[in-house]
Every structure is written in structure tokens, then in C-alpha cells.
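To start, the structure under review is shown below, and the notes come after it.
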């Protein structure tokens, strides 16, 4: 790991106990050099604690105990402004605006090692490893539907549902009655999606990008419903 410190962070130091979440981002910029420059530029007012390069090399931009500026306007459960409670990890990837390539194997390998280390160091629960779109669904799509959440969950570095995907796929596009649709949103709030997110279309898409990655259409169907139900039990 190399250090390339950004000046974009809050002082003073926070206590270790305050760190409860890890938020994963993609950079969403055309080039890696552009992304790194932006995360260190005082006029951009953005940063993250860690940056994972295309080749899998890890760069530390902000020390863990300082509050980096990566989450922006955000909420999860009853918490707002998640910068205060989280560590931000940026993975270099040009994102939805520039072709959205697959994440590289070396990047994901580095990420897994980093997550394992941070989870142990700060006693972070695997259900508190989140994507930027989870905490800001009305603004963000990252890390997006190509991010390997299921793979991370298999290593106990995140959560995933316990259902067989070939079995639940037959429920796709099957409409829900209003009672089950209401229950779907209640399940999302139990998982942690915030009631502060008033736009339900964005909320559904954020859920799908995370847990039903092969179809992001913003529509609640029976497949989404049974996935949400499974996640409340895990």
C-alpha cells in the first residue's frame, strides 16, 4: 500500500467506535489519473480513505480516523451524513457514464483483503458494508450492478440472500398485490434503506443494483419481494 494523502478531510480525529460502515464507490471518471487528482484537489471537496487502482494497487488517501468526504448527502436506517460513521473505498472504474466496464480481478482481490482487515480492526458487521447507491439512491448508482456483492458475501464480507436464483427467476415480472408491495418497502427499511428516501423508484433500483443485478427496471415484482423477505431473515 502506498500513501498519497489528500487534504480533503475533517479534523479532529474521531474515535474508532464511531466507525460502523464501509462505503464502496466507483470513481465514475474517464481516467485513473483524473480520478486520483480529483480526490486530492482542494477545490473538488471530495475524497476517500482508500483508492484501488486498475492494477489492484492500494493507495491510502485519508487516514482511517479522519472523516473523508465520500458519502455526501446520505442516510441509512436512522443515521444521516454517513461520512461521520464510515470508511470510503473508491475503486477505479469509469462507471455508467463512460461504458461501465467490469471490475478487474486484481481490484476485487485487493478489496477483499482490505475489507477483511477493516472489519477486524473496527468490528464492522458484514451488513454494514454498503454501496454508495444504498445510502444515496436518488443521486448515485455506484458501485452498480456489475459489482460482485454475492462473491463478497460468500467470504462473509457482505450480505446476500439465501435463495436459489434459478428458482426465484420464475417469479420475475409477476405483479404484486398492494399488501405485498407495502411489505416489500417495510422489508427494505428493516434491511437498512432509509425512510428519508422519498422517491420509491430510485429506492427500488438501488435494491435491484445490489440484490437483483440482472434486471434493474425500478419495478417491484414477486422476485424482488421474496429476495427482500429472505434478507430480513439473514
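General remarks:
- Among the residues listed as 108, 87, the single one being in the same structural domain as residue 140 (by TED's automatic domain parsing), assigned to a strand (DSSP E or B) and buried (at least 17 other Cβ atoms within 10 Å of the Cβ): 87
- In the range 62-80, the residues that are over 11 Å from residue 47 (Cα atoms) reach residues that are surrounded by fewer than 15 Cβ atoms within 10 Å (Cβ to Cβ) and modelled with pLDDT under 95 with C-beta atoms within less than 6 angstrom, at least six apart or across chains, in these pairs: 75/196.
- Residue match in the range 54-65 (condition: exposed (fewer than 13 other Cβ atoms within 10 Å of the Cβ), out of contact with any helix residue (DSSP H, G or I) (no Cβ under 8 Å at 6 or more places or on another chain) and part of a loop (DSSP other than H, G, I, E, B)): yes
- With respect to the conditions (1) in contact with a helix residue (DSSP H, G or I) (Cβ under 9 Å, 6 or more places away or on another chain); (2) under 22 Å from residue 6 (Cα atoms); (3) crowded, with 20+ Cβ neighbours inside 10 Å, residue 76 lacks only one, and its number is (2).
- Condition met for residue 70 (out of contact with any helix residue (DSSP H, G or I) (no Cβ under 7 Å at 6 or more places or on another chain), under 13 Å from residue 9 (Cβ atoms), crowded, with 24+ Cβ neighbours inside 10 Å and at pLDDT 95 or above): no
- Check on residue 118, touching a residue at least 24 places away in the same chain (Cβ under 8 Å) and part of a helix (DSSP H, G or I): yes
- Among the residues making up the range 90-110, those that are in contact with a strand residue (DSSP E or B) (Cβ under 7 Å, 6 or more places away or on another chain) and within 17 Å of residue 209 (Cβ to Cβ) are 91, 93, 95, 103.
- Residues in the range 49-89 that are under 17 Å from residue 110 (Cβ atoms) and under 13 Å from the mean Cα position of the chain (by Cα): 87, 88, 89.
- Search result, residues across the range 111-124 that are surrounded by fewer than 17 Cβ atoms within 10 Å (Cβ to Cβ) and at negative phi: 112, 113, 116, 117, 120, 121
- Looking at 162, 104, just one residue is touching a residue at least 40 places away in the same chain (Cβ under 8 Å) and farther than 21 Å from residue 220 by Cβ, and that residue is 104.
- When each of 168, 135, 124 is tested for being in contact with a strand residue (DSSP E or B) (Cβ under 8 Å, 6 or more places away or on another chain) and closer than 23 Å to residue 225 by Cβ, the lone residue that passes is 135.
The values are calculated or read from the model by the stated rules, or taken from the named source; none is laboratory data. All values derive from a computational prediction rather than experimental measurement. For neighbour counting, all protein chains shown are included, and Cβ atoms are generated from backbone atoms with ideal geometry for every residue, glycine included.
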